[in-house]
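The values are calculated or read from the model by the stated rules, or taken from the named source; none is laboratory data. Computed from a predicted model, the values in this text were never measured in an experiment. Note: ideal-geometry Cβ built from the backbone for every residue, glycine included; neighbour counts use all protein chains shown. We work out accessible area using only protein heavy atoms, side chains counted, and drop any ligands, DNA or RNA first. Shrake-Rupley method; radii C 1.70, N 1.55, O 1.52, S 1.80 Å.
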Amino acid sequence: MTEPAHIDFFNTNAESWYVEVILPLALPRNYTWHVPSEMVAAIQPGVRVEVVLGRNKKYAGIVKRLHQEKPAAFEPKDVLNVLDDAPIVYQQQLALWEWMAHYYLCSEGEVMQAALPTHFKLSSETILVFNEEAGEDFSNLDDEEFLVAEALSIRNQLRLTEIQQLLDASHVYPVIKRLLDKNLCFVWEELKQTYKEKRETFILLKPEYHEEDALAELMNNWSRAPKQLELLLAFLHLHKTEGEVTQPALLKKSGASAAQLKGLLEKGILIAEKRSVDRLHSVAREVNINFTLSEQQLEALNDLRNSLEQKAVCLLHGITSSGKTQVYVKMMEEAIKQGKQVLYMLPEIALTAQVIRRLQQYFGGYIVIYHSRFNPNERVELWNKVKSGEARIILGARSSLFLPFQNLGLVICDEEHDSSFKQQDPAPRYNARDAGIYLAQLFSARTILGSATPSLESYYNAQQGKYGLVELNQRYGDIALPEIMLVDTKKIQTPDKSKVIISPDLEKAITESILNNKQVILFQNRRGYSPYQVCQSCGWIPHCQQCDVSLTYHKIKHKLICHYCGTIYPTVSVCEACGNHHFTQQNFGTERIEETLQELFPKARIARMDIDAVKGKHAHDALIQLFEQQRIDILVGTQMVVKGLDFEHVALVGILDADAILGFADFRVNERGFQLMEQVSGRAGRKGDQGKVLIQVRNTGHPVLKYVQLHDYQSFVKAELESRHQFGYPPFSRMIQLRFRHKQPEVVAGAARQIADWLKPVFGAYLIGPAAPVVNRVRNQYLMELMIKLPKDLHLLQQCKDQIQLLTAHLHQQPPYKSVIVTPDIDPI
Ligand SMILES: [Zn+2]
Ligand SMILES: [Zn+2]
């Protein structure tokens with residue numbers, strides 16, 4: 001880091017300091033501004049400065065570097081204000097941004113855009129919204145703050161340009177920064193999902209009774225009110241087994257009344273606190289690890305420790321239900337004992353209350369949860385807790401890796417094979433698993449990748465000795481892996497030759513399960529009622545007007561919906577091609593399965609889990625809870641039922657259409673198919689008896705099915721790696737995908753062809769395409785794809801990336817292709 005105190009006074013240029021600033025924009029490079037001498041002392045990497053870009057656009061950018069190299073080509077403008085006293089990100093985060101921009105071919109500004117909470121990103125376009133909850137006590141504001149706060153309280157929201165008219169232009173950003181810090185307003189943000197915070201009353205023990213002696217004394221000298229004592233005992237029991245105690249749970253457990261609880265609250269023995277269920281404020285910072293590892297887990301833990309002494313990354317391959325989490329918990333405990341921070345990443349959908357509760361029970365207030373649905377204020381609060389080191393264990397989805405860790409010791413990427421770790425849009429199109437490994441390296445921290453079905457890339461890296469490898473081959477409690485049976489749907493006659501939804505074998509197995517008081521999970525990777533309606537006489541299928549895809553019929557809404565752009569259409573009753581009135585539903589989705597089940601099992605309690613049925617995070621959690629409490633007999637769902645859930649009473653899992661899983665034209669299809677089926681199967685028989693899995697399939701000879709039936713990951717990987725090697729696919733090569741987008745089909749095709757032609761002299765042997773993707777028009781934009789399959793050679797990879805950037809710029813100088821959008825995707829999924 002450059003220290004302004006080291007100014008060399010003998011150097012004639014010593015007075016002139018410059019800053020390289022990252023702006024939250026997709027600029028090809030960072031710009032430089034001049035630092036007025038009175039600001040030099042206040043500037044260091046990681047603080048925000050207010051700068052003007054172009055004629056009058058203002059931004060709060062982040063200082064990357066303070067230096068004395070005067071730009072030769074232009075006269076830099078002055079920095080207007082320094083906004084922060086201390087950096088809001090550390091050097092390691094800046095290094096991560098730089099790496100990410102470089103590796104994934106985007107700008108550091110785009111990474112900054114993804115990394116920072118909205119509050120930190122001010123620009124002329126920013127809209128400030130008054131925080132109603134803050135009230136209108138403006139007594140602690142200075143004159144300028146008061147002026148803005150008053151205007152905000154009247155108008156509710158103001159653009160930054162409007163605020164500029166209220167104040168002396170040179171003061172705007174610092175004033176806004178102070179108002180944001182004082183929580184009087186927030187930055188308006190279009191929320192992707194309206195998130196309603198769920199509040200609940202939590203019951204806590206008064207801190208003085210955390211001392212065992214004090215508590216014992218209290219209980220020994222208890223007189224009168226025996227019901228209250230019972231209530232207190234129920235509380236202590238719940239606290240011990242569940243971690244946090246909510247008021248409803250306590251009343252239910254103890255059978256006490258609200259009045260009796262009130263008595264204990266009034267005596268000051270218990271405390272009630274109303275707060276969001278996601279936030280873990282007042283939980284004691286104490287570690288309470290109350291389980292013992294099995295022999296196998298203990299062995300895995302030791303192997304993991306040894307492995308991480310030799311290597312920075314270790315793959316923990318543990319079959320479903322082998323208890324990987326408990327091994328992680330021990331590793332996390334060690335890290336926080338050394339005063340380090342831990343980042344624990346999970347796919348967003350697996351971040352359920354079930355997982356959160358369990359970890360919180362072990363780590364209390366040491367753990368914080370980070371996900372995309374926090375409001376802006378909460379996000380800043382959490383940001384600061386991570387930055388100060390107060391938050392020690394951060395549990396979050398992929399974007400949690402952007403938090404300003406101060407002292408990271410361990411990164412865990414659980415379910416590392418999951419494709420949701422890869423961000424698709426917008427840039428940076430990063431893979432959080434790979435970026436997590438890089439982040440760990442910046443801190444000399446260790447990384448654990450965990451999965452029951454590791455990605456081929458990770459497993460190959462482990463085989464090659466690049467990563468350590470630890471295997472856990474036994475399920476916790478020695479429960480057998482489920483028995484897997486295939487149901488050949490070719491042999492089943494249906495009246496109208498439609499697809500089999502519930503085969504007789506499956507029907508029989510479901511009946512048995514319900515009779516035995518066990519639960520059933522049915523998996524189908526399609527939501528809606530049926531993927532499309534088809535004209536019975538000519539085969540015409542209704543398509544989206546803006547996308548080149550058939551529409552999915554949703555029976556509950558009685559609408560046709562495009563799953564690509566979300567447009568909703570009325571159902572069709574007359575064929576547009578031949579005028580016929582008769583339509584059939586081809587294939588089936590989760591809605592249709594639910595309906596069929598209701599007909600077959602009128603008495604069963606059936607629920608559906610897909611993004612149509614489960615809007616918002618709490619609906620998801622609520623459904624999981626109902627299922628946990630055995631208030632649902634049959635759960636039908638998409639991928640949502642697969643991830644990270646642990647149910648005790650599931651005896652049967654049905655995979656309804658394996659052909660659909662194995663039928664994609666993609667080199668990863670076998671890997672995905674194996675992972676999906678093995679993971680779904682793993683939901684069966686987690687406690688007690690061996691579970692059963694029925695796979696309905698026409699193509700019974702598909703090789704992947706054999707490995708799934710035997711739960712034989714090793715043989716599957718061996719065969720799959722051989723075929724990848726033969727055809728030169730990852731992990732034996734690196735893929736880069738270029739996507740082209742334009743509203744005219746000729747233009748997009750011409751642009752893709754042009755880039756391919758330019759790449760040919762050097763990279764000709766590695767090009768696949770250009771070609772139109774299966775769905776070649778989305779939202780009225782035509783698409784083309786060009787794949788580049790490079791041998792594993794870092795030099796060549798870099799050369800290719802450089803070429804892509806150069807050629808894209810070149811393409812945009814050609815008049816017909818000026819507005820073609822070119823999107824590079826490195827290691828696409
Ligand atoms: Zn027709
Ligand atoms: Zn569409």
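Leaving out ligands, DNA and RNA, what percent of the accessible area of the stretch 469-602 is carbon and sulfur, probe 1.4 Å?
Numbers: 3300 of 6950 Å².
Carbon with sulfur: 47 percent of the solvent-accessible area.
In whole Hz, with x marking every Gly and Pro, tabulate ³J(HN,Hα) for the stretch 796-806 from phi via Karplus 6.51 cos²θ - 1.76 cosθ + 1.60, θ = phi - 60°.
5, 4, 5, 4, 5, 4, 4, 4, 4, 5, 5
Just to confirm my understanding: which cysteines in the chain have no other cysteine beta carbon less than 4.7 Å from their beta carbon?
Lone cysteines by the Cβ rule: C106, C185, C314, C413, C565, C800.
Among residues other than Q546 whose Cβ falls under 13 Å from its Cβ, what is the net charge (Lys/Arg +1, Asp/Glu -1)?
Numbers: positive: K743, R777, R779; negative: D548.
Within the 13 Å Cβ shell, the charges total +2.
Ratio of Rg to Rh for the chain, alpha carbon only, Kirkwood? Intermediate values should be presented prior to the final figure.
Details: Rg = 29.5 Å, Rh = 30.1 Å.
My calculation of the ratio gives 0.98.
With a 1.4 Å probe and every protein chain left in place, tell me how much accessible area L184 has, in Å² to the nearest 10.
Result for L184: roughly 10 Å² accessible.
Near K64, within a Cβ-to-Cβ distance under 15 Å, what is the net charge of the other residues, with Lys and Arg +1 and Asp and Glu -1?
-3
Could you sort out which of K240/K262; K121/K387; K240/K274; K508/K615; K262/K518; K206/K385 sit more than 28 Å apart by Cα distance in this structure? Don't skip to the end; give the middle numbers.
Values: K240/K262 22 Å; K121/K387 17 Å; K240/K274 21 Å; K508/K615 32 Å; K262/K518 39 Å; K206/K385 24 Å.
Over 28 Å Cα-Cα: K508/K615; K262/K518.
Can you tell me what percent of all Cα-Cα pairs in the stretch 244-391 are more than 18 Å apart?
Values: 7314 of 10878 pairs.
The share of Cα pairs beyond 18 Å in the stretch 244-391 comes to 67 percent.
Could you tell me what a quarter of the Cα convex hull surface of the stretch 519-617 works out to, in nm² with one decimal place?
Details: hull surface 30.0 nm².
Average of the hull's projected areas for the stretch 519-617 equals 7.5 nm².
Got a sec? Charge dipole of the chain, +1 on Cβ for Lys and Arg, -1 for Asp and Glu; which of L141, L635, S257 is way out at the positive end?
Result: L635.
Could you pull the Cα extents of the stretch 773-829 along its three principal axes, largest to smallest, in whole Å?
So the extents along the principal axes, rounded to whole Å, are 38, 29, 10.
If I compute solvent accessible area with a 1.4 Å probe over the protein chains, what percent of it on the stretch 648-783 is carbon and sulfur? Write out the running numbers ahead of the final one.
Values: 2980 of 5770 Å².
Using a 1.4 Å probe with all protein chains present, the stretch 648-783 comes out at 52 percent carbon and sulfur.
May I ask you to give the solvent-accessible area per residue for the stretch 653-698, in square angstrom, as obtained with a 1.4 angstrom probe?
Computed with neighbouring chains in place, this is 31 Å² per residue.
What are the equivalent ellipsoid semi-axes of the stretch 449-509, built from the alpha-carbon gyration tensor (square roots of five times its eigenvalues), in whole angstrom, biggest first?
Values: eigenvalues 314, 63, 12 Å².
In descending order the semi-axes read 40, 18, 8 Å.
When only the heavy atoms of the protein chains count and the probe is 1.4 Å, how do S123, S715, S819 rank by accessible area, highest first?
On the way: S123 20, S715 45, S819 70 Å².
Descending order: S819, S715, S123.
Once the cut-off is 22 Å, how many percent of the Cα-Cα pairs in the stretch 385-495 end up in the long-distance tail? Write down the numbers at each step before the final one.
Numbers: 3059 of 6105 pairs.
Considering the stretch 385-495, 50 percent of its Cα-Cα pairs are separated by more than 22 Å.
Counting only pairs 8 or more places apart or on different chains, how many lysine pairs in the stretch 661-769 have C-alpha atoms closer than 30 Å?
Lysine pair count for the stretch 661-769: 5.
Over the Cα atoms of the stretch 40-126, how large are the radius of gyration and the largest Cα-Cα distance (Dmax), in Å?
Cα-based Rg and Dmax for the stretch 40-126 come out at 13.3, 35 Å.
Once you charge only the Cβ atoms, +1 for Lys and Arg and -1 for Asp and Glu, what is the size of the charge dipole of the chain about its Cα centre, to the nearest 20 debye?
On the way: 92 positive and 97 negative charges, 431 e Å.
Dipole of the chain, to the nearest 20 debye: 2060 debye.
What does the charge count around A42 come to, taking other residues whose C-beta lies under 12 Å from its C-beta (Lys +1, Arg +1, Asp -1, Glu -1)? Show your work: numbers first, answer last.
On the way: positive: R48; negative: E38, D84, D85.
Charge balance near A42 sits at -2.
Keeping the other protein chains in place, figure out the carbon and sulfur percent of the accessible area of the stretch 275-423, with a 1.4 Å probe. Write down the numbers at each step before the final one.
Details: 1980 of 4760 Å².
Answer for the stretch 275-423 is 42 percent, counting heavy atoms of protein chains only.
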